[in-house]
Amino acid sequence: MKLSIVVPCFNEEQNIEDFYDEIVSVLLHLDVDFQLIFSDDGSSDLTLRKIKSLSEQDQRVQYISFSRNFGKESAMLAGLTYSDGDAVIIMDADLQHPPQLIKELLRGYNEGYGQVIAKRNRTGESVPRSLLSSLYYKMMNNAVDVTFHDGVGDFRLLSRPAVNALLSLSEYNRFSKGLFSWIGFDEKIVEYENVLRTNGESKWSFSKLLNYGIDGIISFNNKPLRLSIYLGLSITLIGLVYIIYSLVSILINGIEEPGYFTIISAILLFGGIQLIFMGVMGEYIGRIYYETKRRPHFIVQDTNIHHLSPEKEKVKQ
């Protein structure tokens, strides 16, 4: 079989060579033909130069370089688009996805699974981050139409039918965790110990993680819109009850001086709720706006891969 390893990269100059050495040492002991596809997401350091140097030494090293930073989702999609293996493994270049696990992923593939998923524990993570992650996954599973597992990310093996299924989804606003779950296929989960980054810094700040979480909620359900209807009806009902109560009070006790606190509280409450749900609807409208533009997911500036099928060319464009 032929195995494609897709490696999204953004400013990973400190890790590229170590990653290459480790993964090749693992793959050489396996009975597979392989290609390493580094998807450079517009790095501003020496990442691309080091990848090109490796490609000159090893023809199995291939690369795609974007014209600018398009995001990890686009980098993964580009790697899948250019891959031609019978199975594809997606993993990061920072060595937090241990190459030694590839053997276990291939074992699951040989057992007939369409997706073999690596699941990490949270050893070494700070308590606040671990609790927030756990809360996020619980909230997501209650809110969206697909299932998410705590500790499961992009590190996984996909069979060729699974890759083709992902490539057939042409939506611009991609949330791969949801897409992996949405396409289905038989899944096997392989657990591993959490590995902390040794070189460089994480590209995921709190604000980026927050935006990523919002993307997940918005991308796979319309429940926020449905919630706005329910909440609007509830508030309207409460308002009617309050109006009836006030009218009865006036008829019995006469008109009293209106309270400043009541007026301000009502304005702030209803104004805030309106702004929240205007924002929710704006998010959906904004996504529709981007989808209708049909812009490409990425623009390739440089690559040493020149063999795409017509179907994959359509995805790339």
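The values are calculated or read from the model by the stated rules, or taken from the named source; none is laboratory data. These figures come from a predicted structure and were not determined experimentally. Cβ: placed from backbone, ideal geometry, glycine included. Neighbour counts: every protein chain shown.
Only one of the numbered conditions (1) modelled with pLDDT under 80; (2) assigned by TED's automatic domain parsing to the domain that holds Met76; (3) outside any loop (DSSP other than H, G, I, E, B) is not met by Asn173, and that is (3). With respect to the conditions (1) part of a helix (DSSP H, G or I); (2) farther than 19 Å from Ile90 by Cβ, Ile23 lacks only one, and its number is (2). Just one of the listed residues (Ser44, Ser39, Ser74, Ser65) is in a loop (DSSP other than H, G, I, E, B) and of a type in the set (Ser, Thr, Tyr), namely Ser44.
Taken together, the residues in segment 274-308 that are modelled with pLDDT under 70, over 22 Å from the mean Cα position of the chain (by Cα) and part of a helix (DSSP H, G or I) amount to 2.
When segment 41-95 is filtered for residues that are buried (at least 19 other Cβ atoms within 10 Å of the Cβ) and among the charged types (D, E, K, R), the ones remaining, listed by number, are Asp41, Lys50, Lys72, Glu73, Asp92, Asp94. Would you confirm, using the coordinates I've provided, whether Ala93 is part of a loop (DSSP other than H, G, I, E, B), closer than 27 Å to Pro296 by Cα, of a type in the set (A, V, I, L, M) and touching a residue at least 60 places away in the same chain (Cβ under 8 Å)? Yes, satisfied.
Determine, yes or no, whether Ile64 is more than 20 Å from Phe180 (Cβ to Cβ), touching a residue at least 24 places away in the same chain (Cβ under 8 Å) and of a type in the set (A, V, I, L, M). Yes, satisfied.
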